Amino acid sequence: LEEGSITKGEIVRVDDDNVLVDVNFKSEGQIPASEFRDAAGNMTVSVGDRVDVYVVRKNEMEGTITLSFEKAKRMQVFDQLEDVQENNRVIKGHIVRRIKGGYTVDIGGVEAFLPGSPVPDMDALVNQEFEFRVLKINRRRSNVIVSRRVLLEEERDSKRQDLLRTLEEGQIVHGKAKNITEYGVFVDLGGLD
C-alpha cells in the first residue's frame with residue numbers, strides 16, 4: 001500500500017457520516033459518506049462491496065490510513081482520458097455550463113474546458129451530450145482541454161470526399177443556398193460549397 005496509489009478495498013461499515021473500507025492494513029480507512037452518494041443523495045454502496053480507493057496517507061506508527069474514493073475515480077478518469085488522447089479516439093461528455101471563452105464539460109466527474117467560438121446562441125449547447133477529442137491534459141493542475149471542432153471538421157471532410165466521388169457533370173443535385181453575392185450564389189451540397 002503506497003501513498004498515491006489505487007488499491008482495492010472492501011466496505012465493512014456504512015453509516016450517515018462515514019464509510020469504513022478494509023484494505024488489509026492495520027486499521028480500516030474512513031472515507032466521508034458524501035463520496036459515495038449520487039446526485040440525489042442516495043448511498044451507492046453497501047457492506048461487502050469491493051471498491052477502488054486512493055491511498056492519501058498512511059501512518060505505520062499509529063496504524064492509520066487515509067483513503068479517498070473520489071480521488072481514485074478521478075485518477076481512473078485521467079488514465080482513460082490519456083488513453084483516449086494517445087490513441088486518437090473520442091470520448092463522450094456533457095456540457096454543463098457556459099463560461100468565459102467556452103464551456104465546462106463533465107467527463108466522468110472531471111471538468112474539461114471546451115473552447116467556444118462565438119455563435120448566435122451559445123446557451124443552445126448547454127445540458128447536451130457530445131463526443132469530444134482530447135487535446136491537452138495536465139494532471140497536476142487537473143486541467144483538460146477538449147474539442148468538438150476537430151470531429152466536425154473530420155465529418156465534413158468525409159462527407160466532402162464522398163460527395164466528390166459521386167458528383168458528375170450534368171448531374172442534378174439538391175443544395176441549400178448559403179450566401180448570395182453580386183457575382184453569384186454559394187450552394188451547400190452537403191459538405192461542399
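The values are calculated or read from the model by the stated rules, or taken from the named source; none is laboratory data. Computed from a prediction, not measured in an experiment: that's the story for all the values here. Every residue, glycine as well, gets a Cβ built from its backbone with ideal geometry; the counts of neighbours run over all protein chains shown. Each accessible area value is taken on the protein alone, full model and side chains, heavy atoms only, with ligands, DNA and RNA left out. Shrake-Rupley method; radii C 1.70, N 1.55, O 1.52, S 1.80 Å.
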Collect the residues in region 113-131 that are in contact with a Phe, Trp or Tyr (Cβ under 6 Å, 6 or more places away or on another chain) and either exposed (fewer than 11 other Cβ atoms within 10 Å of the Cβ) or modelled with pLDDT of 90 or more (or both), keeping them in residue-number order. 114
Output for region 109-148, where each listed residue is more than 19 Å from residue 89 (Cα to Cα) and aliphatic (A, V, I, L, M): 119, 122, 124, 125, 126
Among the strands (runs of 3 or more DSSP E) lying completely within region 1-118, list those that include at least 1 residues that are β-branched (Val, Ile, Thr) and touching a helix residue (DSSP H, G or I) at 6+ places or on another chain (Cβ under 6 Å). 6-14, 18-22, 29-32, 50-59, 90-99, 110-115
Considering only region 59-72, state which residues are modelled with pLDDT of 90 or more and open to solvent by 40 Å² or more (accessible area, probe 1.4 Å). 66, 70, 71
If you scan region 84-112, which residues turn out to be open to solvent by less than 60 Å² (accessible area, probe 1.4 Å) and farther than 24 Å from residue 45 by Cβ? 84, 90, 91, 93, 95, 96, 101, 102, 103, 104, 105, 112
When region 45-55 is examined, which residues are found to be open to solvent by 80 Å² or more (accessible area, probe 1.4 Å) and within 15 Å of residue 18 (Cβ to Cβ)? 47
Condition first: open to solvent by 20 Å² or more (accessible area, probe 1.4 Å) and under 12 Å from residue 16 (Cα atoms). Now tell me which residues in region 29-44 satisfy that. 32, 34, 35, 37, 41, 42, 43
